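Here is the structure we will look at.
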Amino acid sequence: MTDEQGADSIAEGLADGMGGVEETAAAATTQLEAAADLETVAALERRLLNRSGPLAEAKSRIGALDPAERAAAGRRLNEARARIESAVAAARERLGAADDNDDRYAAERLDLTERLPRSTALSRGRIHPVTAARYRLEDVFVGMGYSVEEGPEVESAWYNFEALNIPDWHPARGSFDTIFVNLGEPEEVMLRSHTSPVQIRTMENREPPIYVVAPGRTFRTDTADATHLPAFNQIEGLAIDRDINLGDLAGTINTFVGALFGRDVETRLRPSYFPFTEPSAEFDISRPDGSWLELGGCGMVHPNVLRNCGIDPEEWQGFAFGFGIDRLAVMRHEIDDIREFVNNDVRFLSQF
Ligand code: FA5
């Protein structure tokens, strides 16, 4: 028996006077409970309950009954209707809810156990080890009372050389292997070859006392090899105050190296030459095997540099230092070749 035939037979049962309405409603309920989809429920409802349907027809015949029987017949009919209606509602809820939920669940489904193939898996990004070293250095110096300054990567000869006591005839200009930019006067505009120009910019803009560090990219015509890159990073340090001496410089270097590497690492200063510091030194740090590694240059700020920035060298003194951040990261992670940092090999970079 199809659902539609079922609806017909129920309708006949109801239409046959008032006899058997309870049985008919029970049969309708059974059919509705068994209905497999919403369309079947709708077809049963239509046939049983609409205005020209059997319930309505049976009701119209109540008037022909004996008046004493009318109320009871009406009550039975209403109960049958109510029973069928609630069976329709229950069937609709059962099928409708299931249908709706199935669709919604399918659309919203998140498979938390799913594993993407390795090639398409999203991996978490990391901070590049040189950037991490820079952040760490900034933290250490900020903790020592320094503030962080930045300067432009394209500089004029004044900031990169002249104000730093390196006039154009000075042989030290040659040692910086400068990359010039083809703008304006020849050799007037360049990619900065060190972060020392930020010393000048800071002293021009600030009143002493000054305690700043200036990390950033620097550029030289150096050919890339295990210890050199043509674009590398330096951090500059500058302290200008009253009565600053070389001991303060040595103590500062000791303190930040200790903060970075731990107490076991020692530092030493070796006499050297930079036009912008006097006296000048190179500073080294000790390696576990007892050998020394050069980290950078430093010294007491040359009086000419102070004067170039409008600071009276009789009243103010200071020290400056500058060293390679990439070299520091190489040392920190015991890497053999500085070029690894720019090869962009994720297998290498994801180790840090
Ligand atoms: C200078 O650049 C000075 N401005 C440092 C200075 C600042 C001295 C303040 C005194 C006072 P130098 O050329 O030695 O100095 O470079 C400093 C450091 O930069 C080197 O010790 C090294 O760690 C790093 N460095 C230099 N060239 C390269 C390069 N091609 N690749 C990677 N690191 C480099």
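Just so you know, all these numbers are worked out from the coordinates, no wet-lab data involved. Bear in mind the structure is a predicted one, so any value in this text is a computation, not a measurement. Glycine also receives a Cβ, built like all others from the backbone with ideal geometry; neighbour counts cover every protein chain displayed.
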task: Give the Debye-formula value of log10 I(q)/I(0) at each listed q (0.20, 0.22 Å⁻¹), with one equal scatterer per alpha carbon of region 175-282, two decimals each.
output: -1.32, -1.41
message: If I take the Cα coordinates of the chain and project them onto the principal axes, what are the three extents in Å, biggest first?
response: 129, 46, 43
- request: Could you pull the Rg and Dmax for region 109-245, using just the Cα atoms, both in Å?
  value: 20.6, 74
task: For the chain, set up a Gaussian network in which alpha carbons nearer than 10 Å are linked by springs, and say which option among P313, P209, P67 fluctuates the most.
output: P67
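Over all pairs of distinct alpha carbons, what does the Kirkwood formula give as the hydrodynamic radius of region 187-237, in Å?
On the way: mean 1/r = 0.0813 Å⁻¹.
Final number for the Kirkwood radius of region 187-237 is 12.3 Å.
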message: Working only with C-alpha atoms, what are the Rg and Dmax values of region 266-315, expressed in angstrom?
response: 14.2, 46
- line: Fewest-first ordering of T29, T195 by Cβ atoms within 10 Å yields T29, T195
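What is the Å³ per residue value for the convex hull set by the Cα atoms of region 72-183? Display every interim value, and only then the final one.
Details: hull volume 41.6 nm³, N = 112.
Spelled out: Cα convex hull of region 72-183, divided by residues, is 372 Å³.
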- prompt: Which loop-located trypsin sites (Lys or Arg not before Pro) does region 256-322 contain, where loop means any DSSP state but H, G, I, E or B and the Cβ has at most 11 other Cβ atoms within 10 Å?
  reply: R263
- prompt: Farthest toward the dipole's positive end in the chain, which of P230, L260, Y273, given Cβ charges of +1 (Lys, Arg) and -1 (Asp, Glu) about the Cα centre?
  reply: L260
Stokes-Einstein D (µm²/s) once Rh is taken as the Kirkwood radius of region 233-311 over alpha-carbon pairs, at 37 °C in 0.692 mPa s: 242 µm²/s
statement: By Cβ neighbour count within 10 Å, fewest first, W169, W292 rank W169, W292
Whole-angstrom Cα spans of region 291-335 along principal axes, big to small: 44, 19, 12
field: Residue (of P54, L32, S123) at the positive-pole extreme of the chain, dipole from beta-carbon charges
entry: P54
- prompt: Percent antiparallel among DSSP beta bridges with both residues in the chain, to the nearest 5?
  reply: 95 percent
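Which value, to two decimals, describes the C-alpha radius of gyration of region 137-212 once divided by 2.2 N^0.38 Å? Numbers along the way, then the final one.
Details: Rg = 14.1 Å, N = 76, 2.2 N^0.38 = 11.4 Å.
The value comes to 1.24.
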